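Chemist: The structure is given below, and queries will be raised subsequently.
The values are calculated or read from the model by the stated rules, or taken from the named source; none is laboratory data. Keep in mind it's a predicted model, so treat the numbers as computed, not measured. Note that each Cβ is placed from the backbone with ideal geometry, even for glycine, and that neighbours are counted across all protein chains shown.
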Amino acid sequence: MASYKEFDANKIPRYLGIAFTGVGAIMLIVFIVMAIRLLTVTSSYEKISSAISNITYTKNNDGGSQTKVTVQYEFDGAAYRQVLPSANSSMKVGQSVAIYVDPDDPTNIQTTEFYVVMMALFGGLGVVFGTIGIIMLVKSKDYRKQLIDEGRGEPVYAAVTYVGKSSVEVNSHETYHVKANWTDEYGMAHEFKSKLTYTDPGLYIAEGDEIQAYVDPKNYKHYHVCLEELEEKFVQEAGNEQ
C-alpha cells in the first residue's frame with residue numbers, strides 16, 4: 001500500500017549538496033596546489049627574458065591544433081633553446097617572453113601564465129560549486145526532529161497557498177508538496193514548503209486551508225510543515241476501502 005510518508009526523494013537536494021560541495025572542495029585543492037607550485041617557481045627559479053625563435057602548429061586527431069613555441073635565452077653565459085610549457089595563439093616570432101629558469105637545470109623553464117589561468121579557473125569554479133553545495137545542504141536540512149521530537153519548535157498554523165506537483169520526479173513517479181504562508185507577530189510574512197510526497201495532498205487539503213507547522217522561535221527559516229495528519233487520513237481511508 002502506498003504511504004503518505006516523506007520519502008527518499010527529499011534527500012535528493014542533500015545528496016546534490018554533498019556532491020556540489022565535494023566537487024568545489026576538490027577544485028579548491030587544485031587551486032591550492034597550483035598556488036603552491038607558482039610560489040615555488042617564482043621564489044626558487046630565476047626570472048629572465050627570452051625571445052620566441054620558432055612557432056609550429058600541429059593538428060590533432062579531433063580537428064584542433066596545438067601550438068608549440070620555442071624560445072631562446074642565455075643563462076650563466078650559455079645559450080639555450082627550449083619549448084615553452086604553455087603557449088597561446090597571440091604569440092609571435094621575435095616576441096619577448098618572461099620565463100623562470102631552474103638554476104640547477106637551465107633547460108627546465110616555466111612560465112606563470114599556466115598557473116595563473118588554472119588558479120583562476122579552479123578557484124572560481126571551486127567557490128561557485130562550494131557555495132551552491134552549502135546552500136543546498138542548508139535548505140535541505142530536515143528540522144522535524146529538532147523542532148518536534150526535541151520540543152524546540154513553536155506550533156503555528158499557516159495558510160495554504162499551493163497544493164500540487166513539484167518539479168521533482170523519482171523513477172518516473174510524480175511528487176507533490178504543499179506551500180503555505182505564515183505571518184509572524186511583527187507582521188512579516190514567511191513562506192513554508194513541505195517535504196515531498198508521492199500522494200497528492202490535494203485529496204485532503206486545498207488552497208486557503210490552514211496547515212500546522214513548527215518554527216524555530218530564534219530563526220523562522222527553520223521550520224517543518226506537518227503532513228502527518230494528512231498521512232493519517234490517507235491510511236484510514238485506504239484501510240476502510242479494503
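Chemist: If a residue counts only when it is of a type in the set (A, V, I, L, M, F, W, C) and either in contact with a strand residue (DSSP E or B) (Cβ under 9 Å, 6 or more places away or on another chain) or exposed (fewer than 14 other Cβ atoms within 10 Å of the Cβ) (or both), which strands (runs of 3 or more DSSP E) contained entirely in region 87-200 have at least 3 such residues? Give the steps one after another, and end with the answer.
Modeler: Details: elements: 96-102, 105-110, 154-170, 173-183, 189-193.
In region 87-200, the matching strands (runs of 3 or more DSSP E) lie at 96-102, 154-170, 173-183.
Chemist: If Lys47 meets every condition in (1) more than 32 Å from the chain's Cα centre (by Cα); (2) buried (at least 16 other Cβ atoms within 10 Å of the Cβ) apart from one, which number is that one?
Modeler: It is condition (2) that Lys47 fails.
Chemist: Next question. Just the residues that are of a type in the set (A, V, I, L, M, F, W, C) and at pLDDT 85 or above, please, taken from region 204-242.
Modeler: Hits for region 204-242 are Ile205, Ala206, Ile211, Ala213, Val215, Val225, Cys226.
Chemist: Identify the residue in region 110-124 that is closer than 10 Å to Leu38 by Cβ and of a type in the set (A, V, I, L, M, F, W, C) and, among all such residues, is modelled with the lowest pLDDT.
Modeler: Within region 110-124, the first condition is being closer than 10 Å to Leu38 by Cβ, and the residues that meet it are 110, 112, 114-116, 118-119.
Then keep just the ones that are of a type in the set (A, V, I, L, M, F, W, C); that gives 114, 116, 118-119.
Values: Phe114: 86, Val116: 92, Met118: 92, Met119: 95.
Checking each candidate, the answer is Phe114.
Chemist: Could you tell me which of the residues Glu46, Glu6 is of a type in the set (Asp, Glu) and at pLDDT 80 or above?
Modeler: On the way: Glu6 fails: at pLDDT 80 or above.
Every option except Glu46 fails the conditions.
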